[in-house]
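Below is one structure, written out as structure tokens; the observations come after it.
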Amino acid sequence: MNAIILLGAPGSGKGTTAERIRDEAKLIHVSTGDMLRQAVKKGTEIGREAESYMKQGALVPDGVIIKLVEARLDAGRPDDVYLFDGFPRTVPQAELLKTTLARRGGGISRVVFLDAPRHVLVERLTGRRTCRKCGTNYHVVNIPPKKEGVCDACGGDLYQRADDREETIIKRLEVYNRETEELISWYEKQGLLVRVDSSQEAGRLASEILKLIRGSDRGTAR
Ligand code: AP5
């Protein structure tokens, strides 16, 4: 059981890239943000616990996230290769992932850091629209749907995420700088990190990352 991590600030393009590469590289896409939004929608115990943190743009406590990811990996198979988007976000989460994969005879093959300037992040987040039904992401200017407000993939309604309002975006970027940025040097020291310019066009970014993943040495992309 191996894993590739997409690391980056809110709006850096983790979700969009994951959607574009997962099928071609035969990776199992795990987004903790999507899992939490599902849990909130269903009103589960984890959802009820996570909701207020998410609304404020704060991180959900490590204990909750670790429970969520462990359950997901427990349901996996030994030859699975995961593509994590939005996880890990703190050193305790990163340590948990490392030991969990090692227990299953695997490890992290590559950490791809999606790097973009702050003004690009803010512009992307304020313009993001997401499909209520299948979760596909669009952008009102950069990646618009063919018909306004309607998902190209499934015809579902597009909506603006509650945490994509300007004041919550500012909070999320502060939280990222304070709590997640240290993972860049943490993974750099382990020789796992590769940096990409994520302000480039989405198709080119996905191709560059696909190439990097295929070049990693743990037999991840099958
Ligand atoms: P989560 O859903 O993970 O949000 P995030 O990390 O803030 O990341 P985003 O989804 O906002 O951005 P992204 O990088 O995926 O960008 P995207 O591809 O959509 O988490 C939400 C909340 O859940 C957190 O705040 C926290 O409370 C909680 N949470 C989740 N995981 C947690 C964890 N591990 N620990 C603790 N708490 C956790 O792109 C953004 C926009 O830009 C889109 O409109 C897209 O169309 C556009 N775009 C993307 N790429 C390009 C491009 N190359 N060119 C032009 N436009 C682009």
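Bear in mind these aren't lab numbers, they're just calculated from the coordinates by the rules spelled out. Since we're looking at a predicted model, the values are computed, not measured. For neighbour counting, all protein chains shown are included, and Cβ atoms are generated from backbone atoms with ideal geometry for every residue, glycine included.
Dimensions of segment 83-222 from C-alpha coordinates, computed as largest minus smallest value along each principal axis and given longest first, are 46, 35, 27 Å. From its DSSP helices (H runs of at least four residues, each -39,500 (n - 2.57)), the chain gives a residue-normalised ellipticity at 222 nm of -13000 deg cm²/dmol. Taken one residue at a time, the phi angles of segment 18-32 give Karplus couplings (6.51, -1.76, 1.60, θ = phi - 60°) of 4, 4, 7, 10, 4, 6, 5, 8, 6, 10, 8, 7, 10, 10, 5 Hz. Gly and Pro are set to x. If a/c stays under 1.5 just call it rounded; otherwise compare a/b with b/c (prolate if a/b is bigger, oblate if not). Do that for segment 1-127, with a ≥ b ≥ c from the square roots of the Cα gyration tensor eigenvalues. Oblate is the answer for segment 1-127, as a/c is 1.5 or above yet b/c matches or exceeds a/b. The magnitude of the dipole of segment 105-222, with charges of +1 and -1 set on the Cβ of Lys/Arg and Asp/Glu and taken from the Cα centre, is near 460 debye. Projecting the Cα atoms of VAL111, GLN93, LEU73 onto the dipole axis of the chain, where Lys and Arg carry +1 and Asp and Glu carry -1 at the beta carbon, places LEU73 farthest toward the positive end. Spin-label pair GLU167-GLU179: with each label point 7 Å from Cα along the Cα-Cβ axis, the two points sit 2.0 nm from one another.
When the listed pairs LYS147/LYS211; LYS14/LYS146; LYS98/LYS133 are checked against a 29 Å cut-off, the alpha-carbon distance exceeds it for LYS147/LYS211; LYS98/LYS133.
Given their separation in residues at 0.36 nm each and the Cα-Cα distance between them, ALA71 and ASP34 gain 11.8 nm when the chain is fully extended.
Could you tally the net charge around ASP197, taking each other residue with its Cβ under 15 Å from the Cβ of ASP197, Lys/Arg +1 and Asp/Glu -1?
Every neighbour counted, the sum reads +3.
Taking packing as the residue-averaged number of other Cβ atoms within 10 angstrom, the listed peptides 26-36, 156-166 run from highest to lowest as 26-36, 156-166. What's the extension gain from LYS147 to GLN56 if we count 0.36 nm per residue and subtract their Cα-Cα distance? Taking 0.36 nm per residue and subtracting the Cα distance, the gain is 29.6 nm.
Segment 19-74 and segment 150-208 have their alpha-carbon centroids 15 Å apart.
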